[in-house]
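What follows draws every value from the coordinates through simple rules; no lab data is involved. It should be emphasised that the depicted structure is a prediction, and the values quoted were computed from it without experimental measurement. With ideal geometry, Cβ positions are generated from the backbone for all residues, glycine too; neighbour counts draw on all protein chains shown.
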Amino acid sequence: MILVSACLLGLCCRYDGRSKKCPEVLKLARRQQGIIPVCPEQLGGLPTPRPPAVIAGGDGFDVLAGTARVIVPENREDVTDAFLSGAEQCLRLVRIFHIKRAVLKARSPSCGLKRLTGVTAAALALQGLEMVEF
């Protein structure tokens with residue numbers, strides 16, 4: 001079983017109401033049994049579309065530790081609780097389905113890995129999942 005950012009599969013769940021369809025991820029999904037598409041921000045209760053959010057004061061690990069927040073820059077709304085809830089929902093799926101791998105959306109405050117680790121990516125990393133980003 002593989003957890004996959006739903007936007008990479010062509011689902012319109014990004015903050016701007018669009019997808020970020022990735023041919024490589026679609027190819028994987030067609031070959032692989034057991035793809036679980038997720039959008040942590042939607043699972044956390046945020047609407048689509050929604051204003052873009054950023055992590056302020058650190059990265060996803062810091063949000064999990066309570067030392068950073070997730071905010072909407074345009075109005076300074078704190079959406080940390082929704083991001084934490086979405087990460088927890090993804091962890092529930094990981095536990096239910098014994099998921100060991102994830103394919104995540106790059107440069108996302110939820111799913112990003114390299115430039116800035118997102119909240120869900122940090123939670124999954126702490127569970128020991130093997131992850132790649134697109």
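Brief remarks follow.
- Structure-based [θ]222 nm, the chain - -39500 (n - 2.57) summed over DSSP H runs of at least 4, per residue, nearest 500: -9500 deg cm²/dmol
- Over the chain, Cα pairs under 8 Å with separation of 6+ residues give a relative contact order of 25 percent.
- Gain upon complete extension [GLN32, THR67; 0.36 nm per residue less C-alpha separation]: 8.8 nm
- Partnerless cysteines, meaning none of the other Cys C-beta atoms lie under 4.7 Å away, in the chain: CYS7, CYS12, CYS22, CYS90, CYS111
- Between ARG115 and ALA56, the modelled labels are 2.0 nm apart [label points 7 Å from Cα along Cα→Cβ].
- Counting every other Cβ atom within 10 Å of each residue's Cβ, CYS12, CYS111, CYS22 order from fewest to most as CYS12, CYS22, CYS111.
- Computed about its Cα centre, the charge dipole of the chain is approximately 660 debye, with only Lys, Arg, Asp and Glu carrying charge at their Cβ.
- Distance histogram for the chain (every C-alpha pair counted, 10 angstrom bins, percent rounded to whole numbers): 14, 48, 32, 6, 0
- Fraction of antiparallel bridges per DSSP, the chain only, in percent to nearest 5: 30
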